[in-house]
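As structure tokens, the structure follows; a few thoughts come after it.
The values are calculated or read from the model by the stated rules, or taken from the named source; none is laboratory data. Not measured: the values here are computed from a predicted model. A quick note on method: Cβ atoms are made from the backbone with ideal geometry, for glycine too, and the neighbour counts reach across all protein chains shown. For accessibility, only protein heavy atoms count, side chains too; no ligands or nucleic acids. Shrake-Rupley method; radii C 1.70, N 1.55, O 1.52, S 1.80 Å.
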Amino acid sequence: MKNVYLDSAATTQLRPEVVEKMTEVLHMTFGNPSSTHAFGRAAKSYIENARKTIAKYLNVTTSEIVFTSGGTEADNLALNSAVRDLGVKRIITSKIEHHAVLYTVNQLQSCHGIEVEYVNLKDCGSIDLDDLEKRLKSSEAKTLVSLMHVNNEIGNILDIKRVGDLCKENQAMFHSDTVQSIGHYQIDLQEVNVDFCAVSAHKFHGPKGVGFAYIRKNSGLKPLIFGGEQERGFRAGTEGVHNIVGLEEAFKISYENLKEEKPYVEGLKTYFVEQLKKEIPEVKFNGGCLDKVKSTYTLVNVGLPIPPEKSAMLLFQLDLKGIACSKGSACQSGSQLGSHVLNAFLSEEDLKRPALRFSFSKFNTKEELDYVIEVLKEQVNS
């Protein structure tokens with residue numbers, strides 16, 4: 001039996017260089033970054049160097065990067081403060097967003113009475129931009145649009161440049177969860193009219209528990225967490241220097257190697273899709289998985305021809321064979337309600353098929369994919 005990890009959309013394997021760099025900092029740089037003595041200044045320099053690295057790659061200023069505990073906190077910071085501090089009265093989002101956005105929006109609606117609208121979806125689960133434009137023009141209420149760049153379950157890519165332009169034309173603010181895209185795509189945030197972004201290090205071979213928010217300068221956003229004056233007052237709490245250094249190292253290596261690693265991972269996805277079609281002809285692909293332009297190269301969502309009575313144990317059976325994949329977001333793995341993303345656009349007939357998300361990284365091989373396909377064939381034909 002092999003052990004095959006195909007759940008990189010949930011979290012990624014740490015790069016060895018990241019572990020080495022973090023270990024070095026843990027051993028040598030233990031000062032509090034807020035302290036003014038040499039130990040504190042040494043720690044602070046690591047944080048500011050990391051901020052400079054990130055800002056350079058995204059073409060933003062260092063003051064626009066705020067380190068957080070991850071994407072969820074960054075999403076919460078942007079959404080809560082937009083309503084509380086910036087006068088947002090209406091949020092336009094979609095029913096296929098990550099729960100870090102959907103649950104926060106629900107809470108804001110319940111506690112602050114904001115208006116919430118869900119943009120229409122096309123048959124493949126992509127955002128209907130014509131409907132978005134109509135909604136933006138339909139009200140003069142101060143509006144925030146919150147739409148993720150790359151969907152974490154079906155891989156659909158949003159045209160964030162077009163959405164940003166629509167928001168600008170209609171005096172709306174734009175927040176995007178870029179957790180599945182930063183580190184995998186080159187993004188120039190000066191070319192995209194986006195006000196807030198959320199990022200997690202563990203999605204691009206960095207450590208868990210650290211990420212950052214991009215907050216466009218002069219936005220007026222205020223803190224979510226209060227206490228000290230860390231992160232220019234945006235985020236109180238002593239910074240985890242080793243985690244921030246790990247984030248920087250993973251971020252930098254991901255972009256330095258992107259031209260080499262992206263085609264490799266894309267080749268794995270293409271091979272996996274082709275072999276699935278060949279070996280399991282009745283297979284279906286959910287979302288825009290087969291569109292190389294409108295779908296990310298890092299994952300594929302598969303609907304298998306397996307009867308409902310067998311589907312409940314499918315993930316367990318794959319786990320027994322050493323295969324790690326997912327039914328959807330890892331954040332909802334305990335839910336019995338199924339994927340809220342697939343429920344939003346699939347037909348009742350297609351929803352009867354068990355859906356699995358396979359997500360790839362530079363650490364995977366075609367030999368591993370061959371093994372997975374053989375196991376899937378066994379499950380389909382048994």
*Apply 1/(1 + (r/R0)^6) to the Cβ-Cβ distance of Phe30 and Val116, taking R0 = 51 Å, and write down the FRET efficiency to the nearest 0.05.*
0.65
_Between Lys294 and Ser219, what is the label-point separation in nm under the 7 Å Cα-to-beta-carbon projection?_
2.9 nm
*With every protein chain left in place, what is the accessible area of His149 in Å² (1.4 Å probe, nearest 10)?*
20 Å²
_At least 27 Å along the helix axis (C-alpha) and Kyte average at least -1.0, DSSP helices within the chain_ = 38-58
*By a straight-distance test (C-alpha under 19 Å), which lysines pair with Lys277 as possible cross-link partners, with residues fewer than eight away in the same chain excluded?*
Lys269, Lys292, Lys366, Lys377
_With +1 assigned to the C-beta of every Lys and Arg and -1 to the C-beta of every Asp and Glu, and no other charges, what is the dipole magnitude of the stretch 1-60 about the Cα centre in debye, to the nearest 20?_
200 debye
*Given a 1.4 Å probe and every protein chain left where it sits, what share in percent of the accessible area of the chain is carbon and sulfur?*
50 percent
*Counting Lys +1, Arg +1, Asp -1, Glu -1, what net charge surrounds Gln230 among other residues with beta carbon under 13 Å of its beta carbon?*
0
*With point charges of +1 on the Cβ of Lys and Arg and -1 on the Cβ of Asp and Glu, referenced to the Cα centre of the stretch 197-336, which listed residue (Phe234, Asn257, Phe212) lies farthest in the positive direction of the dipole?*
Phe234
*Compute the relative contact order of the chain as a whole-number percentage, counting only Cα pairs closer than 8 Å that sit 6 or more residues apart in sequence.*
24 percent
_Only four residue types carry charge here, +1 at the Cβ of Lys and Arg and -1 at the Cβ of Asp and Glu. Report the dipole size of the stretch 269-314 about the Cα centre in Debye, rounded to the nearest 20._
160 debye
*Roughly what would the spin-label model give for His37 and Glu367, points 7 Å off Cα along C-beta, in nm?*
5.4 nm
*Roughly how many debye, to the nearest 20, is the charge dipole of the chain about its Cα centre, given +1 on each Lys and Arg Cβ, -1 on each Asp and Glu Cβ, and no other charges?*
500 debye
_Lys/Arg +1, Asp/Glu -1 at C-beta; the chain dipole; positive extreme among Ser311, Tyr5, Leu376_ = Tyr5
*Given only helices, namely DSSP H runs of n ≥ 4 each adding -39500 (n - 2.57), what is the per-residue ellipticity at 222 nm of the chain, to the nearest 500 deg cm²/dmol?*
-12500 deg cm²/dmol
*Which of the lysines could be linked to Lys217 by a straight reach, that is with a Cα gap under 25 Å, when you skip same-chain ones fewer than 8 residues away?*
Lys44, Lys52, Lys56, Lys89, Lys142, Lys161, Lys168, Lys252
*What is the stretch 210-362 by shape, rounded, prolate or oblate, if you read a ≥ b ≥ c off the alpha carbon gyration tensor as root eigenvalues and call it rounded for a/c under 1.5, prolate for a/b larger than b/c, and oblate otherwise?*
prolate
*asked:* If packing is taken as the average count of other Cβ atoms within 10 Å, what order do 307-315, 15-23, 80-88, 190-198 fall into, highest mean first?
replied: 190-198, 80-88, 15-23, 307-315
_Could you tell me the calculated FRET efficiency between Glu17 and Lys377, based on Cβ-Cβ distance and R0 = 35 angstrom, to the nearest 0.05?_
0.40
*For the pair Ser139 and Asp85, what calculated FRET efficiency results from E = 1/(1 + (r/R0)^6), where r is the Cβ-Cβ distance and R0 = 22 Å, to the nearest 0.05?*
0.60
*asked:* Need the C-alpha centroid separation for the stretch 114-174 versus the stretch 238-268, integer Å.
replied: 28 Å
